[in-house]
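**Q** Pasting a structure below so you can have a look.
The values are calculated or read from the model by the stated rules, or taken from the named source; none is laboratory data. All values reported here derive from a predicted model rather than from experimental measurement. Here the Cβ positions follow ideal geometry from the backbone for every residue, glycine too, while neighbour counts run over all protein chains shown. Quick note on the areas: whole protein, heavy atoms, side chains included, nothing else; ligands and nucleic acids left out. Shrake-Rupley method; radii C 1.70, N 1.55, O 1.52, S 1.80 Å.
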There are 2 protein chains.
Amino acid sequence: MADAVVAQDGGAPGEDPRDTYVRQVAAYWERGGLTHAAGLILGYLSICEPAAETQARIASALRLSAGSVSTQLRQLTQIGMVERVRLPGERSARYQVPQDMWTEMMATEDQRIAGLRVLADAGAAVMPAERPDRIHSLDLMVRFWEAEWPATRRRLAAFLAKEMP
Amino acid sequence: MADAVVAQDGGAPGEDPRDTYVRQVAAYWERGGLTHAAGLILGYLSICEPAAETQARIASALRLSAGSVSTQLRQLTQIGMVERVRLPGERSARYQVPQDMWTEMMATEDQRIAGLRVLADAGAAVMPAERPDRIHSLDLMVRFWEAEWPATRRRLAAFLAKEMP
DNA sequence: CAGAGTTTTCAGGTATGACTGAAATATGGC
DNA sequence: GCCATATTTCAGTCATACCTGAAAACTCTG
């Protein structure tokens, strides 16, 4: 089996550009709050062949334990960056990056805005006398995005519809 | 001194609504990658009077060590959520939430987009034969935001100019 | 239903990093 | 330039959470 993407045993490490890419993705998402293992899985699932892999194959490719892979895949599935699919006649489930992952990701932006809305309202109840802008500016920002986001998402949908092959 | 915001010693905890707010802000930003201490400082600096406080006052109000406050303030200053100001004739520096913090925050969005651009380009070099959309869709998303963001920022600037008192 | 294979759960080891407290350094007023 | 004070640095402690490995639970094929 010559198509080992990440789990090369010896040899010069990082020689395979795909291996480099996997680590690069992991590094990026690690800054975004994911664990290292989750980032590795995400990177691997972005370039592996076939696109949908079993837990066992992911574990061996990335040299992670079965437990880690199980846990991280559940997290990734929960936040919508990975989806579980079943192929007929196959005992094991497969996991893959959803076709519309980024669209789904963008959809969660609503929740982030809602979270800031809660903060802005809570702030209004403790408005300081001096520099009330400290609280007020957050409210402005939230109001802007509440107004802006629906149209932005429509433009995104239109853009994707036009550019998708 | 009856205006202790967070550092009440005894009594029912969380009675002061400002204390509740500080913890609420801390909880929110903790999910956003900041430390608990940084979140507390951010919440405190959003409602304290006066708006600009010394490290010593922040530390005693939040019951944090001087070291923690020093470290966290540096981090917060670095990412632009806090600014250091000096008052004439005062030995100690003061720290406050900048007037235009959210505008500054939005400006860093460019860098996040640039970070994804790097990832998208690196992905192009390891394009999988099956489901190339896994790499391609990221590129699309980045291209959308690279095109969209300048106009969005202009609209934000116009909105703030109109709404600011 | 049996049973192999898959997935989840969980306790334990480990690493990471936040917080503290004190010492060292830097700073501004005199 | 001196000195009190503010700030930073840093080693040590502690908490958190990741990862592993194995056992338990589950699931699907035959």
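**Q** At 7 Å along the Cα-to-beta-carbon direction for both B:Thr35 and A:Asp100, put a label point, then send me their distance in nm to one decimal.
**A** The modelled label-to-label distance comes out at 4.2 nm.
**Q** Give me log10 I(q)/I(0) at q = 0.21, 0.27 Å⁻¹ for region A:17-98, Debye formula, one equal scatterer per alpha-carbon, no solvent.
**A** -0.92, -1.51
**Q** With a ≥ b ≥ c the root eigenvalues of the C-alpha gyration tensor of region B:69-165, is it rounded (a/c under 1.5), prolate (a/b larger than b/c) or oblate? Let's see the in-between values first.
**A** Numbers: a/c = 5.50, a/b = 1.95, b/c = 2.83.
Because a/c hits 1.5 or more and a/b fails to exceed b/c, region B:69-165 counts as oblate.
**Q** What is the calculated FRET efficiency for B:Ala27 to B:Arg63, with r their C-beta to C-beta distance and R₀ = 22 Å, to the nearest 0.05?
**A** Calculated transfer efficiency: 0.80.
**Q** Further question on the same structure: From the label point of B:Ala157, set 7 Å along Cα to the beta carbon, how far off in nm is each other copy's matching point, shortest first?
**A** Distances to the matching label points in the other copies: 3.0 nm.
**Q** Continuing with the same structure: Of B:Ala107, B:Ala151, B:Ser137, which is farthest towards the positive pole of region B:95-152's charge dipole, taken about the Cα centre with +1 and -1 on the beta-carbons of Lys, Arg and Asp, Glu respectively?
**A** B:Ser137
**Q** Which chain B residue sits with its beta carbon nearest the axis carrying B onto A, and how many Å away is it, rounded to a whole number?
**A** Residue nearest the B-to-A axis, with distance in whole Å: B:Gly33, 3.
**Q** Sort shortest first the distances from A:Asp100 to its counterpart in every other copy, using label points 7 Å along the Cα-to-beta-carbon line, and give them in nm.
**A** In ascending order, 3.9 nm.
**Q** Could I ask something else about it? If you roll a 1.4 Å probe over the heavy atoms of the protein chains, what accessible area per residue do you get for region B:103-163, in Å²? If you can, show how the numbers build up before the last one.
**A** Numbers: 2990 Å² over 61 residues.
Value returned for region B:103-163: 49 Å² of accessible area per residue.
**Q** Work out how much length B:Arg91 to B:Ala107 would gain on full extension: take 0.36 nm times their residue separation and subtract the Cα-Cα distance, in nm to one decimal. Working shown, then result.
**A** Values: separation 16, 0.36 × 16 = 5.76 nm, distance 3.26 nm.
Additional length available on full extension: 2.5 nm.
**Q** One decimal, nm, shortest first: give the distances between the label point of A:Thr77 and those of the same position in the other copies, each label point 7 Å from Cα along Cα→Cβ.
**A** 4.7
**Q** Ignoring any ligand, DNA or RNA, what whole percent of the accessible area of the protein assembly as shown comes from carbon and sulfur when the probe is 1.4 angstrom? Don't skip to the end; give the middle numbers.
**A** On the way: 9500 of 16980 Å².
Roughly 56 percent, rounded to a whole number.
**Q** If the viscosity is 0.692 mPa s and the temperature 37 °C, what Stokes-Einstein diffusion coefficient in µm²/s follows for the protein assembly as shown when Rh is the Kirkwood radius over Cα pairs?
**A** Numbers: Rh = 22.6 Å.
The estimated diffusion coefficient comes to 145 µm²/s.
**Q** For a label point 7 Å from the Cα of A:Ala151 along Cα→C-beta, name the residues of region A:100-120 whose backbone N is under 18 Å from it.
**A** A:110
**Q** Give the interface area between chains B and A as buried accessible surface, both sides summed, probe 1.4 Å, in Å² to the nearest 100. Write out the running numbers ahead of the final one.
**A** Values: alone 10890 and 10880 Å², together 16980 Å².
When B and A are taken together, about 4800 Å² of accessible area is lost.
**Q** Might you work out the accessible area of A:Met141 for me, using a 1.4 Å probe with all protein chains in place, and round it to the nearest 10 Å²?
**A** Counting only protein heavy atoms, A:Met141 exposes about 10 Å² to solvent.
**Q** A follow-up question, please. Per-residue Cβ counts within 10 Å, from other chains only, averaged over A:126-133: what number is that? Intermediate results must be reported in sequence, preceding the final value.
**A** Numbers: counts 12, 1, 7, 3, 6, 11, 3, 7.
Per residue, the average neighbour count from other chains is 6.
**Q** Run the 1.4 Å probe and let me know the accessible area of B:Tyr28, rounded to the nearest 10 Å².
**A** 40
**Q** Can you give me the solvent accessible area of A:Trp145 with a 1.4 Å probe, rounded to the nearest 10 Å²?
**A** Its heavy atoms expose roughly 40 Å² to the probe.
**Q** Let me ask something additional. Once you have all Cα-Cα distances for chain B, histogram them in 10 Å bins from zero and send the whole-percent values.
**A** 9, 28, 26, 20, 12, 5, 1
**Q** For region A:59-158, which trypsin sites (Lys or Arg not before Pro) are in a loop by DSSP, counting at most 14 other Cβ atoms within 10 Å?
**A** Values: sites: A:Arg63, A:Arg74, A:Arg84, A:Arg86, A:Arg91, A:Arg94, A:Arg112, A:Arg117, A:Arg134, A:Arg143, A:Arg153, A:Arg154, A:Arg155; in loops: A:Arg63, A:Arg86, A:Arg91.
Listed in order of number, the matching sites are A:Arg63, A:Arg86, A:Arg91.
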